[in-house]
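Enquirer: A single structure is presented below for examination.
The values are calculated or read from the model by the stated rules, or taken from the named source; none is laboratory data. Keep in mind that what you see is a predicted model, and the values were worked out from it rather than measured. No Cβ is skipped: glycine too gets one built from the backbone with ideal geometry, and neighbour counts run over all protein chains shown. In case anyone asks, the SASA skips ligands and DNA or RNA and just uses the protein heavy atoms, side chains included. Shrake-Rupley method; radii C 1.70, N 1.55, O 1.52, S 1.80 Å.
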Amino acid sequence: MVCKIVGDAALGVPLAGRDDTLSKVVSIEKAIENIKDGSTIMFGGFMANGTAESVVDALVAKGVQNLTIICNDSGYIDKGVGKLITNKQCKKIITSHIGLNKETGRQMNEGELEVVLVPQGTLVEQIRSGGYGLGGVLTKTGLDTLVAEGKQTVDVDGETYLLEKPLRADFAILRGSVVDKGGNIVYHGSTNNFNNVMASAADTVIVEAETLVEIGEIDQNHVITSGIFVDYILQS
């Protein structure tokens, strides 16, 4: 992870004589212009709660294909990332569960979509490892099951652990309850699901703001995701 700006800019305060933060607020077309066929994208949210619906809709309209998506679940047929799956724009999904979207299961059974099921806690830690420059996570979850097939195990003090490797993406698409123009994000309740941890694990981070405010309107003690991670901001 490379920090783009330093000092007070991490709290959304622009450095003297620079206009870095204001340039982050863009149209939805600008925000997704570099998302191409074959991109790998992380989507925050849980059962579409905390998912950037406007960005999902824009990607459906854009028609990008062969996407790999990393997310907690596959949403619903008509909500969240499920729209991309229903529209057959994804070639692969790395996720914890797919039971809310029957189309995901159908495509998996028909060989139209590769589905990699990962225990939820493991998925979070794989993403965290990708964002924090770690070599992976050691866990007992999945040992001696289908989850462990083809994966490396590591012995630590006589205990055997499964090595789950880091996950990163080309893009992370987040949704914030309140976002300032520096990219600092506050989430309300469970909308934080996966959003914050994904912010550090992608080359480009896009945040959809439910409410967009000026720099300084968010108490710095309430910031959950620092604006230093955010590249583009769009108004929901």
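Enquirer: Just give me the residues in the range 25-71 being among the aromatic types (Phe, Trp, Tyr) and in contact with a strand residue (DSSP E or B) (Cβ under 6 Å, 6 or more places away or on another chain), in sequence order. If you could, list the steps in order and put the result at the bottom.
Expert: Restricting attention to the range 25-71, the residues satisfying the condition of being among the aromatic types (Phe, Trp, Tyr) are 43, 46.
Selection gives Phe43 alone.
Enquirer: Would you check if Gly183 is modelled with pLDDT of 95 or more, closer than 17 Å to Val55 by Cβ, open to solvent by less than 20 Å² (accessible area, probe 1.4 Å) and outside any strand (DSSP E or B)? Write out each step before concluding.
Expert: On the way: modelled with pLDDT of 95 or more: yes; closer than 17 Å to Val55 by Cβ: yes; open to solvent by less than 20 Å² (accessible area, probe 1.4 Å): yes; outside any strand (DSSP E or B): yes.
Yes: the conditions hold for Gly183.
Enquirer: Looking at Leu84, Leu100, Leu146 in this structure, which one is buried (at least 21 other Cβ atoms within 10 Å of the Cβ) and among the aliphatic types (A, V, I, L, M)?
Expert: On the way: Leu100 fails: buried (at least 21 other Cβ atoms within 10 Å of the Cβ); Leu146 fails: buried (at least 21 other Cβ atoms within 10 Å of the Cβ).
Matching residue, one of Leu84, Leu100, Leu146: Leu84.
Enquirer: Can you tell me how many residues within the range 125-141 are open to solvent by less than 70 Å² (accessible area, probe 1.4 Å), closer than 27 Å to Ile228 by Cβ, outside any loop (DSSP other than H, G, I, E, B) and touching a Ser or Thr at 6+ places or on another chain (Cβ under 9 Å)?
Expert: The qualifying residues number 5.
Enquirer: Follow-up. So, in the range 213-236, exactly how many residues are open to solvent by 40 Å² or more (accessible area, probe 1.4 Å), on the phi < 0 side of the Ramachandran plot and over 20 Å from the mean Cα position of the chain (by Cα)?
Expert: Final tally of qualifying residues: 7.
Enquirer: Oh, and also: Where in the range 31-121 are there helices (runs of 4 or more DSSP H), lying wholly inside it, with at least 1 residues that are of a type in the set (D, E, K, R) and over 18 Å from the mean Cα position of the chain (by Cα)?
Expert: 53-62, 102-109
Enquirer: Could you tell me whether the range 188-203 includes any residue that is closer than 19 Å to Val56 by Cα and in a strand (DSSP E or B)?
Expert: Scanning the range 188-203, I find at least one residue that is closer than 19 Å to Val56 by Cα and in a strand (DSSP E or B), so the answer is yes.
Enquirer: Restricting attention to the range 160-169, does a residue exist that is touching a His at 6+ places or on another chain (Cβ under 7 Å) and assigned to a strand (DSSP E or B)? Lay out the reasoning, then the answer.
Expert: Taking the range 160-169 first, the residues touching a His at 6+ places or on another chain (Cβ under 7 Å) are none.
Within the range 160-169 (the criterion being touching a His at 6+ places or on another chain (Cβ under 7 Å) and assigned to a strand (DSSP E or B)), the answer is no, since none of the residues qualifies.
Enquirer: If you don't mind, there's one more thing I want to ask. Kindly indicate whether Val178 is over 28 Å from Gly133 (Cβ atoms), open to solvent by less than 40 Å² (accessible area, probe 1.4 Å) and hydrophobic (A, V, I, L, M, F, W, C). Working first, answer last.
Expert: Numbers: over 28 Å from Gly133 (Cβ atoms): yes; open to solvent by less than 40 Å² (accessible area, probe 1.4 Å): yes; hydrophobic (A, V, I, L, M, F, W, C): yes.
Answer is yes for this residue.
Enquirer: Answer yes or no: is there a residue in the range 181-199 that is more than 18 Å from Ile28 (Cα to Cα) and in contact with a His (Cβ under 6 Å, 6 or more places away or on another chain).
Expert: yes
Enquirer: Follow-up. Is it true that some residue in the range 105-114 is crowded, with 19+ Cβ neighbours inside 10 Å, in contact with a helix residue (DSSP H, G or I) (Cβ under 7 Å, 6 or more places away or on another chain) and either in contact (Cβ under 8 Å) with a residue 40 or more places away in the chain or within 16 Å of Ala169 (Cα to Cα) (or both)?
Expert: Among the residues of the range 105-114, not one is crowded, with 19+ Cβ neighbours inside 10 Å, in contact with a helix residue (DSSP H, G or I) (Cβ under 7 Å, 6 or more places away or on another chain) and either in contact (Cβ under 8 Å) with a residue 40 or more places away in the chain or within 16 Å of Ala169 (Cα to Cα) (or both), which makes the answer no.
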